[in-house]
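Take a look at the structure set out below.
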Amino acid sequence: MKEGKINLPENFIAPENCKVGDFYFSILEPSITEIDYKVVMSSRKRLRQIFKRDDTWPAEDMTLDENTKDLIRHETEFKQKKAFAYSVYPLDKNEYIGCIYINPTKKKSYDCEVYLWVSDSNFHMDDVLFRQTKKWLNEAWGFRHAAFPGREIAWDEWQVDKS
């Protein structure tokens, strides 16, 4: 986890499971390792643009065990209020479709960094998830300046911005 901050009141309690518009969010944790691995690996080429331009995650040879360790880390960070990662489902919870990550930022002009993705097979839901997540972060979390690098902020601009 990179250093930085998430601008939240000290007594803020992050929702663990919640309905957000057309979606259901739940803490990203190791009980979904197998389905998460399947969805991540099936969408890996596009996912390499989610956290930074030309990322190496997920690697072609990422193992189920490595994926499990990632999910354990996400759950631990959530419990420690260091970062907040959610698994995303449609409201009927019949299919795991992606993730949302609310991460600390070093950029003083932002409350946090937010990354989100949906599987290749659910890419048609990407824009709706983005808009509803942005609204939720504003209303439920009180974020007025959440950064969405690679989405609302071009990678070149984000990487040089010192704010």
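Remarks
- Size descriptor, Kirkwood hydrodynamic radius, that averages inverse alpha-carbon separations across the chain, Å: 16.1
- Considering only R144, R48, R131, the Gaussian network model of the chain with Cα springs below 10 Å gives its largest mean-square fluctuation to R131.
- Beta-bridge orientation, the chain: approximately 90 percent antiparallel, per DSSP, counting only bridges with both partners inside.
- Label-to-label distance for A14 and H145 is 2.1 nm, based on points extended 7 Å past Cα in the beta-carbon direction.
- Dipole size of the chain about its Cα centre, with +1 on Lys/Arg Cβ and -1 on Asp/Glu Cβ: approximately 580 debye, rounded to the nearest 20.
- From helices alone, the chain scores -9000 deg cm²/dmol at 222 nm; the rule is -39500 (n - 2.57) for each run of n ≥ 4 DSSP H residues, then divide by the residue total.
- Relative contact order for the chain, counting Cα pairs under 8 Å that sit 6 or more residues apart, in percent: 27
- Ranked list, fewest to most other Cβ atoms within 10 Å of each Cβ, for H145, H124: H124, H145
- Counting beta carbons within 10 Å around each of F148, F123, F12 and listing the fewest first gives the order F12, F123, F148.
- N94 paired with S121, simple spin-label distance in nm, labels 7 Å along Cα-to-beta-carbon: 1.3
- Listed residue (H74, W57, P9) projecting farthest to the positive dipole end of the chain, Cβ model: P9
- Under-5 Å amide H pairs with A146, H placed in peptide plane, nonlocal only: D111
- Candidates M125, M62, M41, ranked by Gaussian network fluctuation over the chain, Cα under 10 Å, top entry: M62
- Per-residue Cβ neighbour rank within 10 angstrom, fewest leading, W117, W57: W57, W117
- K135/E3 FRET efficiency (R0 30 Å; Cβ-Cβ; nearest 0.05): 0.60
Each value in this text was obtained by applying a stated rule to the coordinates, not by laboratory testing. In this text the structure is predicted, and so the values were computed from the model without any measurement. Here Cβ is always computed from backbone atoms with ideal geometry, including for glycine, and neighbour counts include all displayed protein chains.
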